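Scroll down for the structure; my scribbles are underneath it.
No lab work stands behind these numbers, since they all come straight from the coordinates. Keep in mind it's a predicted model, so treat the numbers as computed, not measured. When we count neighbours, we look across all protein chains shown, and the Cβ atoms used for this are built from the backbone with ideal geometry, even at glycine.
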Amino acid sequence: MLTNPQVIERLQTQANTVLAARQAFEAKRDEVTALRAEIALHRKGAEAADSEARGIREETAGLLRALAGQLTKHFRDLKAKERAAYTLAEDFRELVANLELMLEEAEDDARGLLASYLTKANHLRVAYADALIEEGLATLPPALIAGMRFKATSLEAEDRWAAWKQFTFSTANQHAFAQLTDKLPAALNRQVQFEDSPIEDALHLQDRAGIEPETSPAARARRNQQRAQRKAELAS
């Protein structure tokens, strides 16, 4: 709908910046989604290993009483399997703890990237809206322009006791514009058909994966500090 090549080029450059910001967020969002899925998988692994260990423990508890102190190879093998299952469950939990730190860091990165994208996208929306409005004003229908002039002329011709002259508007043009404003909502609600432009394409973010934009750098700094402490505890 825009026709000015310079305006189109300027908006397209801005749209490219927005698109790059969106793609950066989408890449980090996909990383977050993959980490969430991996963590869920390993948690199930830990639960399965714990369940196996508890089952073996219950079995060996019954055997121990029946053996009356005579430990068989079968019993010893069961105890080894129990220890291995508990060790595996602990390994899974340690892995999950490390992955959760990675996930939290990725989510923080995603929040920052989303905030950057949303800011750039809104600046583009404002610039695009302003350009469309300017384009519309430059191509107003002659009937509308003539009608507004006749409306102002007719209002100006009213005597000096006309209500609008006494209380509301200082010029006939202001009163004419006010009357037009009352009709604008209905006119602007009409459907307009035009193809999506690359400018609008840059504004289409399909899925945030439940991620909200970062609003507090101080809060992120605190989370970074807490993560550093947890990393040190896991490494010790």
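Please determine, in degrees from 0 to 90 and to the nearest 10, the orientation of helix 172-188 with respect to the longest principal axis defined by the Cα atoms of the chain, where the helix direction is its Cα long axis. With rounding to tens, the tilt is 40 degrees.
Ignoring lysines fewer than eight residues from LYS44 along the same chain, the ones with Cα atoms less than 29 angstrom from its Cα are LYS28, LYS79, LYS81, LYS231. Give the relative contact order (percent, whole number) for the chain; include only Cα pairs under 8 Å separated by 6+ residues. Reported as a whole number, the value is 34 percent. Summing charges over all other residues whose Cβ lies under 14 Å from the Cβ of LYS165, with Lys and Arg as +1 and Asp and Glu as -1, gives -2. Result for the chain in a Gaussian network model with C-alpha springs under 10 Å: among GLU82, GLU100, GLU31, the largest mean-square fluctuation is at GLU82. In a simple Cβ point-charge model (Lys, Arg +1; Asp, Glu -1; nothing else charged), the chain has a dipole of about 700 debye relative to its Cα centre.
Taking the longest Cα principal axis of the chain as reference, the axis of helix 73-138 is set at about 10 degrees.
A straight line joining the Cα centroids of region 21-87 and region 117-161 runs 69 Å. Local charge for VAL7 was computed over the other residues whose Cβ lies under 13 Å away, with Lys and Arg +1 and Asp and Glu -1, and equals -3.
What value does region 142-193 have for Rg/Rh, both radii from Cα atoms and Rh as Kirkwood defines it? The partial results should precede the final answer.
On the way: Rg = 13.2 Å, Rh = 12.2 Å.
Computed over Cα atoms, the ratio is 1.08.
In the chain, the calculated helix contribution to ellipticity at 222 nm averages -28000 deg cm²/dmol per residue, counting -39,500 (n - 2.57) for every DSSP H run with n ≥ 4. Any chance you could give the angle, 0 to 90 degrees and rounded to 10, that helix 142-156 forms with the longest Cα principal axis of the chain? Helix 142-156 sits roughly 60 degrees off the main axis of the chain.
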